[in-house]
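Colleague: Please find one structure pasted underneath; my questions will follow.
The values are calculated or read from the model by the stated rules, or taken from the named source; none is laboratory data. Being a predicted model, the structure only gives us computed values, none of them experimental. We place every Cβ from the backbone using ideal geometry, glycine too, and count neighbours over all the protein chains shown. Quick note on the areas: whole protein, heavy atoms, side chains included, nothing else; ligands and nucleic acids left out. Shrake-Rupley method; radii C 1.70, N 1.55, O 1.52, S 1.80 Å.
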Amino acid sequence: MAFSLGPRATSAGYRLAAFDSIGSTNAEALVRARAGERGPCWFVTTEQTAGRGRRQRTWIAQRGNLASSILEVLDVAPAVAATLGFAAGLALEAALQTVSLEARMRSPDSEDMTFGLKWPNDVLAGRKKLAGILLEAEAVADDRLAVVVGIGTNVVAAPERTPTPAVSLAALGVQISAEELFSALSDAWVEFLGIWDNGRGFAEIRKLRLERACGLGERVAINTGTMTLEGIFDTIDDTGCLIVRTVDGRRLPVAAGEVFFGSAASVGAA
Ligand code: BTN
C-alpha cells in the first residue's frame, strides 16, 4: 500500500514526500527547508535508519512502523512554536482513536486500549508508550521559522528495554498499516493546527490536552537531565510548562524533562 494524504489534508494544500527508507524524516524536512522548501509538506517512511528521539536519543523502529514529519514554515516566535507539539499530540491521539475504533469496540473496558498523553507529548496506551514526538525548529528567510514536528508511532512493533515500557498497535490488536494511520493523522493535523491557530488558540489546545493528560494529580518524578524533581503533577501552564507541586508546597514549572509516574525510584533507567 502506498502513502497518501487524507482528503482534508489534500484540500488544505498539503504535499507529501514518501520514502521507502530514509535516515530521518525530521532531518530530511530540515534539509529541504534550508534549501527553500516552505511546506506545508509531510515526509513519511516505514523505515528510518537514523531516527532521532528526544533528549539526544536515537529512535529505533522496525520496518512497518510509521515515521512522519510535518514541515510548517510559520511567522511565530520560537516559544510559541514550541507549543505546536501539544497540537501534534492531540492530532495523533485523535488519529489513533479513529483507526482503533473496531478494536476498542471489541474490548470496551480494556485499560490497555485507553489512549492518553504523557507530558510533553508521548502518546500512551494504558501506561505504555505507543508514540513519541520530536519538535525541531530553525530560522529561515524573512524572520520565519521552519518548524518540523516528527511523529514516530509503533505500528507493527515496539522497542524493548526503553525507560518507559513501549507497546505497538499490533500488540493491542489494532491491525492497521502505517499508511492507513498516516492518512488519518494528516487529516487530524489540519484540524488541530487550525485550533492552534499560530498559537492564538493555545488556551483551547491546553484545555483539550489537560483532558487527555496521563497522571494529572498523581505523584510523578521528572528527570530534567540535571536533577530529579518529585511531587504532584498539578497542571500544564499557559506556556506549556508542567507544574509540579513539591512536598513543601512550591509549584515549580518544568520546561523540559522526562516524566515517570510514581516516585524517583522509577527514574533509575532514564
Ligand atoms: C521521542 O523521543 O519520544 C520522540 C521520537 C520522535 C521520532 C520521530 S520518527 C519521525 C521523526 N523523524 C525522526 O528522526 N524522529 C521523529
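Colleague: Can you find a residue in region 90-97 that is away from the ligand (no atom under 15 Å from the Cβ), open to solvent by 10 Å² or more (accessible area, probe 1.4 Å) and farther than 20 Å from Thr239 by Cα?
Modeller: Yes; the residues of region 90-97 include at least one that is away from the ligand (no atom under 15 Å from the Cβ), open to solvent by 10 Å² or more (accessible area, probe 1.4 Å) and farther than 20 Å from Thr239 by Cα.
Colleague: Can you pull out every residue in region 164-182 that is closer than 24 Å to Met105 by Cα and within 16 Å of the chain's Cα centre (by Cα)?
Modeller: Ala166, Val167, Ser168, Leu169, Ala178, Leu181, Phe182, listed by residue number.
Colleague: Restricting to region 33-59, what's the tally of residues that are away from the ligand (no atom under 13 Å from the Cβ) and either farther than 30 Å from Thr224 by Cβ or open to solvent by 30 Å² or more (accessible area, probe 1.4 Å) (or both)?
Modeller: Qualifying residue count for the region: 8.
Colleague: Can you tell me how many residues in region 196-223 are open to solvent by less than 40 Å² (accessible area, probe 1.4 Å) and within 29 Å of Val73 (Cα to Cα)?
Modeller: Number of matching residues: 9.
Colleague: Can I ask one more? Those residues that are of a type outside the set (Val, Ile, Thr) and within 13 Å of the ligand (Cβ to nearest atom), I need them from region 65-89; list them, please.
Modeller: Residues satisfying the conditions are Asn65, Leu66, Ala67, Ser68, Ser69, Leu71, Gly85, Ala88, Gly89.
Colleague: How many residues are surrounded by fewer than 20 Cβ atoms within 10 Å (Cβ to Cβ), farther than 22 Å from Ala203 by Cα and not hydrophobic (A, V, I, L, M, F, W, C) when one looks only at region 232-265?
Modeller: Of the residues in region 232-265, 6 are surrounded by fewer than 20 Cβ atoms within 10 Å (Cβ to Cβ), farther than 22 Å from Ala203 by Cα and not hydrophobic (A, V, I, L, M, F, W, C).
Colleague: Something else now. Looking only at region 203-251, how many residues end up being within 16 Å of the chain's Cα centre (by Cα) and more than 21 Å from Thr83 (Cα to Cα)?
Modeller: Residues flagged as within 16 Å of the chain's Cα centre (by Cα) and more than 21 Å from Thr83 (Cα to Cα) within region 203-251 amount to 0.
Colleague: Before we move on, is Glu111 open to solvent by less than 30 Å² (accessible area, probe 1.4 Å), away from the ligand (no atom under 11 Å from the Cβ) and charged (D, E, K, R)?
Modeller: no
Colleague: Scan region 133-152 and give yes if some residue there is under 24 Å from Glu218 (Cβ atoms) and within 15 Å of the ligand (Cβ to nearest atom), otherwise no.
Modeller: yes
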